[in-house]
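Here the structure comes first, spelled out in structure tokens, and everything after it is commentary.
The values are calculated or read from the model by the stated rules, or taken from the named source; none is laboratory data. Values in this document were obtained by computation on a predicted structure and should not be read as measured data. Reconstructed Cβ throughout: ideal geometry from the backbone, glycine too, with neighbour counts over all protein chains shown.
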Amino acid sequence: MRRKRMTSLTAMRAFEAVARTLSFTGAADELGVTQAAVSRQIRLLEESLSVRLLHREPAGNRLTDAGEILFAGVYAAFETIEQAVEQVTGSGAREILNVSVAPYFSAAWLTPRLMSFVRRHPEIDLRLHHSYHPADHRREGIDLGINWGSGAWPGVRAEKVLDGSLTAVLAPALLGETGPLADPAMLLRLPLFYEFDLGHWRAWAQAAGSADAELAESLRLSDSHALRRVACDGHGVALFFAELIEDDLVQGRLAQPFPVKVHIGADYFLNYPAGTELPRKARLFRSWLMDMLAETGTGQASTKLPL
């Protein structure tokens, strides 16, 4: 079959960069050309296709519906080209794998195990990017993400890897001061700390059979590291990720007086762009991650992907 005459590859590359960054300046810097040159390529592309691809507005650029459709196809095409180049490039070149990960998950679970991945795959240059929110994979150049939330994020496939249930923990020293806690209602009289919503403490109280108990003074700390710190320092009781405190419990830094957990509708998910095949480097990391989760007994069963 004879192919139709293709629009300029240079123009397509300029459009992909602008659509991904939503910035003519950023695209020009990335491509090593002037902003005027990028603008000219976009104008020629729009004229060639007889369609508007971008809305240029004072508040910023945004793609039209046609631009979104074209960007999806162009982005996937360039990804395929880059993967093919990687496959034929000499084996001396290390592949770069960009992983966006929730900061506390990184510190408490991922980072202590990373050398296992490095030893298994020395040909991959792993780069971590810490973020509380799932990445915009296409625009940020992120191959994989590990984030906490509902998993219902647009444009990505999300696979649950760690349960996000919360449990009540406090310092053994504080427990020593209060004496044995005969029931959960006694715990709820201590200073209470939480990260997301005070209603989660009420949900924990209900799960513990103390739904009518009055909650003591409480304080929200919007950072997992700070939340753990106040608990370890004996300032009160923290409602914290049950699956990420095992080391603290074993080492005696924290105590869990009641084996009560409350699930608030959020977990840790491995996430990556939907509708595109993962490159081999990302599949290798995913496979390693699942192996590590299985070894610790905390992982979720997941379908194997071909390597």
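Selection of the stretch 187-203 for residues being hydrophobic (A, V, I, L, M, F, W, C) and either within 10 Å of L239 (Cβ to Cβ) or at pLDDT below 90 (or both) yields L192, F193, F196, L198, W201, A203. Quick check: is even one residue across the stretch 181-192 within 30 Å of G26 (Cβ to Cβ) and either among the β-branched types (V, I, T) or outside any strand (DSSP E or B) (or both)? Within the stretch 181-192, not a single residue is within 30 Å of G26 (Cβ to Cβ) and either among the β-branched types (V, I, T) or outside any strand (DSSP E or B) (or both).
Annotation note: Cβ proximity below 7 Å between a residue of the stretch 159-170 that is touching a residue at least 40 places away in the same chain (Cβ under 8 Å) and closer than 14 Å to E246 by Cβ and a residue that is assigned to a strand (DSSP E or B) and of a type in the set (D, E) (sequence gap 6+ or interchain) occurs for L162/D267; D163/D267. Among the criteria (1) crowded, with 20+ Cβ neighbours inside 10 Å; (2) part of a loop (DSSP other than H, G, I, E, B), the one L270 does not fulfil is (2). F285 passes every criterion in (1) in contact with a strand residue (DSSP E or B) (Cβ under 9 Å, 6 or more places away or on another chain); (2) without any contact (Cβ under 8 Å) to a residue 60 or more places away in the chain apart from (2). Scanning the stretch 174-214 for residues that are surrounded by fewer than 18 Cβ atoms within 10 Å (Cβ to Cβ) and of a type in the set (D, E) returns E177, D183, D197, D212, E214. Counting residues in the stretch 108-123 that are under 30 Å from I69 (Cβ atoms) and free of Cβ contacts under 8 Å to residues at least 24 places away in the same chain gives zero. Look through the stretch 218-234, keep the residues that are of a type in the set (K, R) and under 19 Å from S106 (Cα atoms), and return whichever of them is surrounded by the fewest Cβ atoms within 10 Å (Cβ to Cβ). Among residues in the stretch 218-234 that are of a type in the set (K, R) and under 19 Å from S106 (Cα atoms), the one surrounded by the fewest Cβ atoms within 10 Å (Cβ to Cβ) is R229. Elements of the type strands (runs of 3 or more DSSP E) sitting completely within the stretch 37-153 and holding at least 2 residues that are at negative phi and exposed (fewer than 12 other Cβ atoms within 10 Å of the Cβ): these cover 54-57.
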